[in-house]
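The values are calculated or read from the model by the stated rules, or taken from the named source; none is laboratory data. Values in this document were obtained by computation on a predicted structure and should not be read as measured data. Glycine gets a Cβ as well: all are built from the backbone with ideal geometry, and neighbour counts include every protein chain shown. Only protein heavy atoms, including side chains, enter the accessible area calculation; ligands, DNA and RNA are left aside. Shrake-Rupley method; radii C 1.70, N 1.55, O 1.52, S 1.80 Å.
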Amino acid sequence: LGCASVAVGSPVVPLGSAVTASCTIWSKLCRGLEQGKVQITWMLDNEPVAGSQHRGPGGTEVSNLTLPWFNRTQAKLWCWVEWNGTKQRVGMAEIRAGYPPAKPFNLSCVLNLSDYGLTCQWEQGADSHLPTSVALKCARSRAQVVTGCIPQGGRSCCTVPRRLLQLYRQMEIWVSAANALGTAESEHLCIDPMDVAKLDPPALKSIQSIPFQTDCVALVWEVVQSNAHMELQCELRYRAPEDPAWALVTDIVGQAGTTQCCGFLFGMQYHFQMRCRRSSARGYWSEWSLGRNYTTHEKAPTGKLDAWWSTQPAGTGGQLEVQLRWKAPRQREANGQVLGYRITLSPRRRGRDPPTVCNTTHTQCNFSVPAGTRRVYLSAYNAAGESAATEVVLLERKGQPLAGLQTMPGGEHSLWVRWEAPLAPVAAYVLEWQRVSSEPGRCSACWQMERDEAATAALIQDGIEPFQRYNVSVYPLYKDAIGVPIHTAAYSKQKAPSYAPKLHLKSISKSDAELCWDPVPVEMQNGFITSYTIFWANSTAEVSSATVNPSLSSFVIRELKPSTLYKVHIMASTAAGGTNGTTLTLVTTVLDDIEIQFLFLTLGLIFVLLILLLICFQKNGRVKQQFWPSVPDPANSSLGKWVPAELQQEPLQVPGVREPGPATISTVTVLERAVGKQPSARGKEPATETTGTFPAVPQAYVRQEGPGTPGRGRVAAEPCQ
């Protein structure tokens, strides 16, 4: 409504500097604020900030604000007033902060001869956080500065058109950057645009060997029409497929024509490329031309072949079986593609070819020769001819061995072999190595010869793979014999085994458990097994372990608790780490085998005895008679049934068995004893003689039962005196 205005000291300030602002309110122009008190507040984006308010001239209200540290690259500053209890925005100012533009650097330019436009590029430097205008400035000699081009889309390159350039004369070129806080310029580049021209690449027309049977070639080349009027400086590069780097030929001067190069190998394919620039210029090289391949001519192989052999007597016929191996010649000696190898029993002489015992394209051959043959001759041939024969002397392996041998890794795919030389002079050394495998494969290339008689170390690389074991042997070669080899095993690199062996329970008792396992296959060991570690734990997580020598394949765990569950696993370790195997669960027994056997034996004996006793008691009366003899029943005896005649006339009253009490004598019978007879032995009384005419007093016989006397009792009464 035009009733407020916001003013800032500067809308663009250096980052981190102070910002001042003021907000002025004309109350008369703001409806609803004519009578009320005006309250001014500030907001920086969404943050409230405090200002100082006072009354200004003409009935205005003014609030001043100072931000001592403005650390935002862009922000909006709002002025607010309270109206009807709410805050209303009445004014806004946008503030930006940043840095002066950074100095551009690394300015370089290239003249394109297709349209003669000068393309320049540079690096801008640090971001200023402010809108920055960049332009490429040009100044011709004694001319004013013009803007050559302006980069588009924030890029750091642009092209100056031909009409603004001055060819074959010096020009001054630089980059200018400007924003609200300042300007910056790159280093000025003083160049002749033609000095930075990038030519089109030349074209290779033909390549051929000259003269024949030499290592030189001739190349014919030409340039495009637009470069025909220039003096050029060119370079040629070439390499064979197996070469790691290019060979470079420099200082080829001229517009077009022929150049010769030497030092090429025979029978080798090479790839050629060429590039040019203005002669004596500081400009840029053209791109490399399209490549052209050329194979040099061949000639007969040269040099001697490294050979290695083993012999053994043939079964019959007085023949000697020979296995001969050799190394293919290096490319410098092969002089082309080797077509094959020939082995003869005598050297080739002029006009006469000796008989051939082996003709092969491989680098080994098995053949038979007559017993006593000491020499064979080996040669290689290609399309151009045959090499001179290499004499191979079939020496016996009976010489002095090396004093010592050791290996160490030379890398993931190589091994260093070191040895102690024997006391006898050595002509050469032969190193053999073979990958250790459950199924060994053939390896005809797993050997090499060291012809340096003073050598005590060699690096072997053919067929070496990490985590695989190799058996290495070294033979010293003497003038008249081959030394007995010594051997060692080696790894180029080790790691933890691929897996640990699987545990098997061989036997178990209440306190011991015997475990066994199959060794890890050598292909899966990935290194030398240094130890096996057995871990076992019960249900209370009491973990124990034991380390086992790698040569063993069984182990006995002792001092286990009876009738307890254990979990056991094995770890196989190398110098580079260990691998855990699967877990085996086992439970110890309550008793040992001997205890169980004794218990069953005891129970069996007891059971047999019980059966025997039962059978005896049931079937054999003699046994019963032996243990429980028959006792006569007194009630059935003759004495028990005898009763005196006098007692037969009078019944004897006897109390009931179940009514104990004092004995009652109901009748006393006096029995007369005959004169001269002895009394009964039961009474144990002396005999008594009668006097006068009175008869003898008879003994009383009484049957009495009383308290405390179960059953029947007898009382013999003595005769009265």
Worksheet item: If K76 satisfies every condition in (1) over 30 Å from R155 (Cα atoms); (2) in a strand (DSSP E or B); (3) within 60 Å of the chain's Cα centre (by Cα) but one, which is the exception?
Response: (1)
Practice prompt. Filter region 359-399 down to residues that are assigned to a strand (DSSP E or B) and over 26 Å from K479 (Cα atoms), then give me how many there are.
Written response: 6
Worksheet entry | Counted residues, region 387-432 - those being over 45 Å from the mean Cα position of the chain (by Cα) and surrounded by 13 or more Cβ atoms within 10 Å (Cβ to Cβ) | 8
Fill in: A541 assigned by the TED database to the domain that holds L584 and outside any loop (DSSP other than H, G, I, E, B)
no
Worksheet item: Only one of these conditions is not met by N538: (1) without any contact (Cβ under 8 Å) to a residue 60 or more places away in the chain; (2) closer than 30 Å to Y491 by Cβ; (3) open to solvent by less than 80 Å² (accessible area, probe 1.4 Å). Which number is it?
Response: (2)
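Yes or no, residue by residue, for (1) touching a Pro at 6+ places or on another chain (Cβ under 8 Å); (2) open to solvent by less than 40 Å² (accessible area, probe 1.4 Å); (3) free of Cβ contacts under 8 Å to residues at least 12 places away in the same chain:
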position	(1), (2), (3)
P57	no, no, yes
L65	no, yes, no
T73	no, no, no
Y99	yes, no, no
V110	no, no, no
L136	yes, yes, no
A139	no, yes, no
Fill in: Entirely in region 81-153, the strands (runs of 3 or more DSSP E) that have 2 or more residues that are over 24 Å from I173 (Cβ atoms)
86-98
Discussion item. Among the residues of region 348-357, are any assigned to a strand (DSSP E or B) and of a type outside the set (D, E, K, R)?
Written reply: yes
Worksheet item: Which of the residues spanning region 1-26 are aliphatic (A, V, I, L, M) and within 21 Å of G59 (Cβ to Cβ)?
Response: L1, A4, V6, A7, I25
Worksheet, complete the sentence: The residue from A300, A245 that alone is assigned to a loop (DSSP other than H, G, I, E, B) and exposed (fewer than 14 other Cβ atoms within 10 Å of the Cβ) is A245
Worksheet item: Can you tell me which residue in region 154-174 is surrounded by the most Cβ atoms within 10 Å (Cβ to Cβ), limited to those that are in a loop (DSSP other than H, G, I, E, B) and of a type in the set (D, E, K, R)?
Response: R169
Worksheet item: What tally of residues in region 189-222 results from selecting those that are more than 30 Å from K299 (Cβ to Cβ) and more than 57 Å from the chain's Cα centre (by Cα)?
Response: 7
Discussion item. Take the conditions at pLDDT below 75, in a helix (DSSP H, G or I), not assigned by the TED database to the domain that holds I508 and not polar (S, T, N, Q) and apply them to F600. Does it pass?
Written reply: no
Fill in: Total residues in region 558-594, condition over 17 Å from F528 (Cα atoms) and touching a strand residue (DSSP E or B) at 6+ places or on another chain (Cβ under 8 Å)
18
Item to complete: For residues that are in a loop (DSSP other than H, G, I, E, B), in contact (Cβ under 8 Å) with a residue 60 or more places away in the chain and open to solvent by less than 40 Å² (accessible area, probe 1.4 Å), tally how many sit in region 175-232.
Response: 3
Discussion item. Criterion first (surrounded by 18 or more Cβ atoms within 10 Å (Cβ to Cβ) and either at pLDDT below 90 or not assigned by the TED database to the domain that holds T24 (or both)) does C79 satisfy it?
Written reply: no
Worksheet entry | Filter result for T574 (open to solvent by less than 20 Å² (accessible area, probe 1.4 Å), of a type outside the set (K, R) and more than 26 Å from Q448 (Cβ to Cβ)) | yes
Response to the item:
Checking G351, G372, G340, G336 in turn, the sole residue that is at pLDDT 95 or above, over 44 Å from the mean Cα position of the chain (by Cα) and either surrounded by 13 or more Cβ atoms within 10 Å (Cβ to Cβ) or more than 24 Å from I464 (Cα to Cα) (or both) turns out to be G340
